[in-house]
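Working notes for the structure below.
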Amino acid sequence: MRFLIESIILRPALTSLIALRALRRHKLRSLLTSLGIIIGVSSVIAMVAVGNGARAQIQGRVASLGQNLLTVSAGNRRTGGINSGLGSASVLTVQDADAIIREVPDVVAISPEVSTTAQVIGNGNNWSTSIVGESADYLQIRDWPLSSGVMFTERDVRIAAKVAIIGTKTAEQLFGPLDPIGETVRVKNIPFIIIGVLSNKGAGMGGMDQDDRLIIPYTTAMKRLTGEKYLRSINVQVVNQERMEFAQQQITALLRQRHRLEPNQSDDFSILNQKEIADTVTSISSTITLFLAAVSSMSLVVGGIGIMNIMLVSVTERTREIGIRIAIGAQSRDILFQFLIEATTLSVLGGLLGVLIGVAAGHLVSHIAGVEAIVSSTSIALAFGISFAIGVFFGFYPARKAANLNPIDALRYE
Amino acid sequence: MKALPAHTRADTGALSSPGATPLSPIIRLASLCKTYRNAEVEVHAVRDVSLDIYAGDFVAIMGSSGSGKSTLMNILGCLDTPTTGTYELASTNVSTLSRKKLATLRNQKLGFVFQSFNLLSRTSALENVELPMFYSHPLISLETQRSRAREVLNKVGLAGRENHWPNQLSGGQQQRVAIARALVNHPQLLLADEPTGNLDSRTSIEIMGLFQALNASGITIVMVTHELEIAAYCKRVIMMRDGRVLSDTMNVERRSAEDEIAALDDAEGNTMKSV
Ligand SMILES: Nc1ncnc2c1ncn2[C@@H]1O[C@H](COP(=O)(O)OP(=O)(O)OP(=O)(O)O)[C@@H](O)[C@H]1O
Ligand SMILES: [Mg+2]
């Protein structure tokens, strides 16, 4: 027992003391040697932190789309080879939307969507914003609560009522600190009564500000504002995640049939699957993070080689010292440990500094890029583990070289 | 100095150390050879040396430069291995011992004083002396290490110099640190390669005084010297030439370093008075 404590704790502790003393003697050299590890560890930590932050942000945006959401958009209509973009084709109708909720059993709610950009006048102010027409289920589909007021009802949709829900930014622009509920705004000279205020949602998938908008019944938008007969898209909520794939297939089949598409014709609409987007985004950002981490861990290898190099120099420089220690009765193991501990101390101290610098750099980058840096404790633990392993791995060869020196040759070494 | 025939030494050696078994020498060399092969040249540094050294003996090895004294000492100190022949240390053939056992032997049984001191640079005298204890098994507590190192440094007359680095010490003082280091683990055999090689006569006599005291306390000593006056403090003188033992004689009229230092001190006192 005593022997165990002695050989596992006390002796290595004493040996570390010698190793630390040797390192303290060459402070600058030790620092420069650790630099490779410092840079490697700090860049891995920073990269992973920023990568995780970016992923979390994108995932948040995808999640903010709503619950189990499929978005059916009018497809790319080609006019003379010019692609006019998603939602531009005049193919999706209100009847299509009705058919989806009626005929696809897994669909629990839909919201036909139209949108336009127009000047809004209220409280004597004038502001250009996007006017979005939706159904009464829209906010529930998007999982987007109101901060005050109420959502318009199905009846409002049926009668194309002139009511509006206002985004926080639009409200701020028009009414400042005043409560907009009950106020009237005019769009193209049509008065709308504001009955609800949206909660803050921030930037959406495309990067546009979701808080700057006016949501009105899609019927009102189509009849009174735009005169359009076609929808831009249909938001579809599916009963649960497992059924999304199947629902997507059924909607595709239904719409192809309704649009009388021949089997050789491609779809004139497209369906975005929220789960698919989330999965793709997650896997892409994970891959990017992994790739960045792999690139920066190359410098860890370079750092390890630097440590090995300095340890070899150190063993050569201190051949006489090693000879003296062996002549006095040091075991090979004692010498091996002494140099291994020197090497791992260099790498682990490098790792420690690297973590500190990495965390700082991560926060700096996040500050500049506007992405939150998420430093995970796993990446810190990993960085430590890896720098320890590098010290042992790259320190082993020089240490063994020292431990196997022949006493008389070492003592005679010039 | 009167020499006795070589064949009588075993008896005298045994007599001089009553505790030792006369039949088993602490060192037994049989036809020991050491040949260095550098490129095409072969140097026969030690040729066919056979020797017995008994516990309690105090041996001086003499001989001209290049006669193989250091080579022999390095083999005795288990720092080097013979090319042919056997070296038995306390009845164990050293060549059969593992690297680990040899390390333990060097640590526990042997004390080696190098011709060139071989102290750790930028390390205090005290820490240099602690070094063998650092590698001792079982572990010696740090306080014990410290107090034992102080004690031995006191014994070699270096009290107050504990925290000096070797480069802050004189040659003689460094030599004493090296001796203290060799003694700190209470070796049975002290090997000293020209311990007085670069010292003035007064310091040399002081060191011989220390050696005589150690020998009187039972430690076997083998030392190399160039000077006949120094060899005169030893019990036995081995002369080497070209790697061979030329003569091996007992020293009947041994000089006592203690007496001579006292005499020197007196003489100094007298000159002081006359000035
Ligand atoms: N490593 C070596 N390689 C080749 N030859 C060596 C080596 N070491 C010693 N020699 C040779 O062996 C011979 C004996 O050397 P050694 O050092 O034992 O002499 P020495 O008696 O101690 O001399 P000195 O009194 O000058 O110290 C010398 O001729 C020397 O050149
Ligand atoms: Mg010599």
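Give A:L32, A:L17 a once-over and let me know the one that is open to solvent by 50 Å² or more (accessible area, probe 1.4 Å), out of contact with any helix residue (DSSP H, G or I) (no Cβ under 7 Å at 6 or more places or on another chain), within 14 Å of another protein chain (Cβ to nearest Cβ) and assigned to a helix (DSSP H, G or I).
A:L17 is the lone residue from the list that is open to solvent by 50 Å² or more (accessible area, probe 1.4 Å), out of contact with any helix residue (DSSP H, G or I) (no Cβ under 7 Å at 6 or more places or on another chain), within 14 Å of another protein chain (Cβ to nearest Cβ) and assigned to a helix (DSSP H, G or I).
Looking for something more than 16 Å from ligand 1 (Cβ to nearest atom), charged (D, E, K, R) and open to solvent by 20 Å² or more (accessible area, probe 1.4 Å) - is there at least one such residue anywhere in the stretch B:55-62?
no
Can you tell me which residue within the stretch B:178-206, out of those that are of a type in the set (A, V, I, L, M, F, W, C), more than 15 Å from ligand 2 (Cβ to nearest atom) and away from every other protein chain (no Cβ under 13 Å), is surrounded by the fewest Cβ atoms within 10 Å (Cβ to Cβ)?
B:L199
Kindly list, by first and then second residue, each pair from a residue in the stretch B:103-120 that is more than 9 Å from chain A (Cβ to nearest Cβ) to a residue that is surrounded by fewer than 24 Cβ atoms within 10 Å (Cβ to Cβ) and part of a loop (DSSP other than H, G, I, E, B), limited to pairs with Cβ atoms under 8 Å and residues at least 6 apart or on different chains.
Correct list of pairs: B:K109/B:A90; B:K109/B:P187; B:K109/B:Q188; B:G111/B:N185; B:G111/B:P187; B:Q115/B:E194; B:Q115/B:G197.
For the stretch B:46-94, enumerate the residues that are over 18 Å from B:M240 (Cα atoms), assigned to a strand (DSSP E or B) and either within 12 Å of ligand 2 (Cβ to nearest atom) or more than 20 Å from the chain's Cα centre (by Cα) (or both).
Once the filter is applied, which keeps residues that are over 18 Å from B:M240 (Cα atoms), assigned to a strand (DSSP E or B) and either within 12 Å of ligand 2 (Cβ to nearest atom) or more than 20 Å from the chain's Cα centre (by Cα) (or both), the stretch B:46-94 yields B:T84, B:T86, B:T92, B:N93.
Please count how many residues of the stretch B:158-168 are away from chain A (no Cβ under 13 Å) and either surrounded by fewer than 16 Cβ atoms within 10 Å (Cβ to Cβ) or under 20 Å from A:A327 (Cβ atoms) (or both).
Residues meeting the conditions: 5.
Being more than 14 Å from chain A (Cβ to nearest Cβ) and closer than 18 Å to B:R241 by Cα is the filter here; which residues of the stretch B:69-102 pass it?
Result: B:K69, single match.
Kindly list the number of the only condition in (1) at pLDDT below 95; (2) of a type in the set (A, V, I, L, M, F, W, C); (3) over 17 Å from A:A327 (Cβ atoms); (4) away from ligand 2 (no atom under 16 Å from the Cβ) that fails for B:V43.
(4)
Residue-wise test of (1) open to solvent by 10 Å² or more (accessible area, probe 1.4 Å); (2) in contact with a Phe, Trp or Tyr (Cβ under 7 Å, 6 or more places away or on another chain).
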position	(1), (2)
A:V91	yes, yes
A:R102	yes, no
A:P105	yes, no
A:G122	no, yes
A:S128	yes, no
A:D137	yes, no
A:I141	no, no
A:W144	no, no
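Out of the residues in the stretch B:102-143 meeting the condition of being within 16 Å of ligand 2 (Cβ to nearest atom) and surrounded by fewer than 18 Cβ atoms within 10 Å (Cβ to Cβ), tell me which one is farthest from B:P166 (Cα to Cα).
Filtering first and then ranking leaves B:Q115.
Of all residues being under 21 Å from A:S34 (Cβ atoms) and β-branched (V, I, T) in the stretch A:376-399, which is most open to solvent (accessible area, probe 1.4 Å)? Just the residue, please.
Among those residues, the one meeting the criterion is A:I386.
Based on this model, can you work out whether B:D193 counts as at pLDDT 90 or above, within 16 Å of ligand 1 (Cβ to nearest atom) and touching a His at 6+ places or on another chain (Cβ under 8 Å)?
No, not satisfied.
Test of understanding: among A:L10, A:L23, which residue is open to solvent by 30 Å² or more (accessible area, probe 1.4 Å), under 30 Å from A:I322 (Cβ atoms) and more than 28 Å from the chain's Cα centre (by Cα)?
A:L10
From the list A:L346, A:L340, A:L300, A:L364, which residue is more than 14 Å from every other protein chain (Cβ to nearest Cβ) and open to solvent by 50 Å² or more (accessible area, probe 1.4 Å)?
A:L364
How many of the residues in the stretch B:44-68 are among the β-branched types (V, I, T) and within 14 Å of chain A (Cβ to nearest Cβ)?
Adding up the residues that qualify gives 1.
Read through the list (1) surrounded by fewer than 20 Cβ atoms within 10 Å (Cβ to Cβ); (2) outside any helix (DSSP H, G or I); (3) within 14 Å of another protein chain (Cβ to nearest Cβ), then give the number of the only condition that A:E372 fails.
The single condition A:E372 does not satisfy is (3).
Counting just the residues of the stretch B:121-142 that are under 14 Å from A:L10 (Cα atoms) and not aliphatic (A, V, I, L, M), which one comes out nearest to the other protein chains (Cβ to nearest Cβ)?
Ranking the qualifying residues of the stretch B:121-142, first place goes to B:Y135.
Identify the single condition in (1) within 17 Å of the chain's Cα centre (by Cα); (2) open to solvent by 50 Å² or more (accessible area, probe 1.4 Å); (3) under 27 Å from B:L89 (Cβ atoms) that B:R241 does not satisfy, given that it satisfies every other one.
Condition (1) is where B:R241 drops out.
Report the residue count in the stretch B:71-122 for those that are within 13 Å of ligand 1 (Cβ to nearest atom) and under 22 Å from A:A330 (Cβ atoms).
Residues flagged as within 13 Å of ligand 1 (Cβ to nearest atom) and under 22 Å from A:A330 (Cβ atoms) within the stretch B:71-122 amount to 11.
Looking only at helices (runs of 4 or more DSSP H) that lie completely in the stretch A:88-203, which have at least 3 residues being aliphatic (A, V, I, L, M)?
In the stretch A:88-203, A:94-103 are the helices (runs of 4 or more DSSP H) which contain 3 or more residues that are aliphatic (A, V, I, L, M).
The values are calculated or read from the model by the stated rules, or taken from the named source; none is laboratory data. These figures come from a predicted structure and were not determined experimentally. Neighbour counts are summed over all protein chains in view; Cβ atoms, including those assigned to glycine, are modelled from backbone coordinates with ideal geometry. The protein model used for the area step is the full one, side chains on, heavy atoms only, and it has no ligands, DNA or RNA in it. Shrake-Rupley method; radii C 1.70, N 1.55, O 1.52, S 1.80 Å.
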